[in-house]
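Participant: Supplied in structure tokens, the structure appears directly below.
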Amino acid sequence: MFDIKDKNVLITGATSGIGRAAAIELSSIGANIFFVARSESKAQLLVDDIYKISGKEAIPIIADLSSQSDIRKAAQKFNTLNLPLHVLLNNAGLINKERKETIDGYEEVFAINHLAYFLLTNLLIDKLKEANGSRIVNVSSGAHAFVKGFNFEDVQSEKSYKPFQVYGYSKLANILFTKKLSAILENNKITVNCLHPGVVSTSFGQNNGNLQKYLFFLAKPFMRSSEKGAETSVYLCSSPEVSDESGQYFYNCKVAKTTKWAQSKEDADRLWNLSEEFTGVSWGIN
């Protein structure tokens, strides 16, 4: 039976919001926390908070997930620790009010919300296989329902940029990635699941113009705390109840429905091929 105590967990986007709440809770129930952060000062704050709460020494890895070079360095740093990876929680994400490109020339929301998940997971797959019964958890969103299928005609959002729509495409990509990867890893004792954390009351998305600020203001009374939003992430990372679940989309710690576009095997295959092209990696898992 799966027991999170003394298991190694790597989390992206852990210095704020639901990522931070998940890191603290997982540490408090016995996990060893490793996390990727862009800011050294914010990373240190999390290290300090985790130590105060659990007495455990969290290990930060400083990297900018908008840079594929940084992602490779982050994975290399973890790999050189010579430790198995029991849980990878791909949590980092953003929404932008206007189109931005990364240093690699990719639209930033797609790059961080999807390509970073795809590349980092690939680079850590051997450590996940070493753990013999590991878990990959991808934070998606109910925002995948904002769009009717992935926009393969404008993957980089060069022709049209609408913030919530672009975000929706990236969250749909998380589900398609989860389902495809789950099928690929079926015989490797690695489960892959994704989740909707709910609408969480954090600073996420609130620096994106007056309309977004107004919408967040209206919705705030109905939003959940970061701790509540992290519950499903923690559940998928730690609960023995989901040891045999893979390829599923969860909300409130239960399997939930997705749109029909999130069920498309054809789109999942097509996105997978594009992601390999954009990141320069090929999985080739047996």
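What follows is calculated from the coordinates using simple rules that are stated; it is not laboratory data. For clarity, every value in this text was computed on a predicted model and none was experimentally measured. Note that we place each Cβ from the backbone using ideal geometry, even for glycine, and neighbour counts take in every protein chain shown.
Participant: If you add up the charges near Lys77, with Lys and Arg at +1 and Asp and Glu at -1, over every other residue whose beta carbon is less than 13 angstrom from its beta carbon, what do you get?
Facilitator: +2
Participant: Still on this structure: Count the net charge of all other residues whose Cβ sits under 13 Å from the Cβ of Glu266, scoring Lys and Arg as +1 and Asp and Glu as -1. Spell out each step's value before the answer.
Facilitator: Numbers: positive: Lys179, Lys180, Lys260, Lys265, Arg270; negative: Asp267, Asp269.
It works out to a net charge of +3.
Participant: Using θ = phi - 60° and the Karplus form 6.51 cos²θ - 1.76 cosθ + 1.60, what ³J(HN,Hα) does each residue of the range 146-162 get, whole Hz, x for Gly and Pro?
Facilitator: So the J values, rounded to whole Hz, are 5, 10, 9, x, 6, 8, 6, 7, 8, 4, 8, 6, 7, 7, 8, 10, 10.
Participant: Let me ask you something else. Which entries in Lys42/Lys254; Lys148/Lys180; Lys42/Lys265; Lys73/Lys100; Lys52/Lys129; Lys77/Lys162 show an alpha-carbon gap greater than 30 Å?
Facilitator: Numbers: Lys42/Lys254 32 Å; Lys148/Lys180 19 Å; Lys42/Lys265 39 Å; Lys73/Lys100 23 Å; Lys52/Lys129 32 Å; Lys77/Lys162 36 Å.
Going by Cα-Cα distance, Lys42/Lys254; Lys42/Lys265; Lys52/Lys129; Lys77/Lys162 fall outside the 30 Å limit.
Participant: Tell me the Rg and the Dmax, in Å, that the Cα atoms of the range 97-206 produce.
Facilitator: Looking at the range 97-206, its Cα Rg and Dmax stand at 15.0, 45 Å.
Participant: While we're looking at this one, here's another question. Working from the pairwise distances between different alpha carbons, so that the mean of 1/r is found and then inverted, what is the range 1-160's Kirkwood radius in Å?
Facilitator: On the way: mean 1/r = 0.0609 Å⁻¹.
Computed over Cα pairs of the range 1-160, the Kirkwood hydrodynamic radius comes out at 16.4 Å.
Participant: At 222 nm, what helix-only mean residue ellipticity would the chain give, in deg cm²/dmol to the nearest 500, using -39500 (n - 2.57) for each DSSP H run of four or more?
Facilitator: On the way: 9 runs with 113 residues, N = 286.
My calculation for the chain gives -12500 deg cm²/dmol from helical runs alone.
Participant: Taking the Cβ-Cβ separation of Lys100 and Asn252 as r and a Förster radius of 30 Å, what is the calculated FRET efficiency to the nearest 0.05? Please list the in-between numbers first.
Facilitator: Working: r = 33 Å, r/R0 = 1.09.
Approximately 0.35, to the nearest 0.05.
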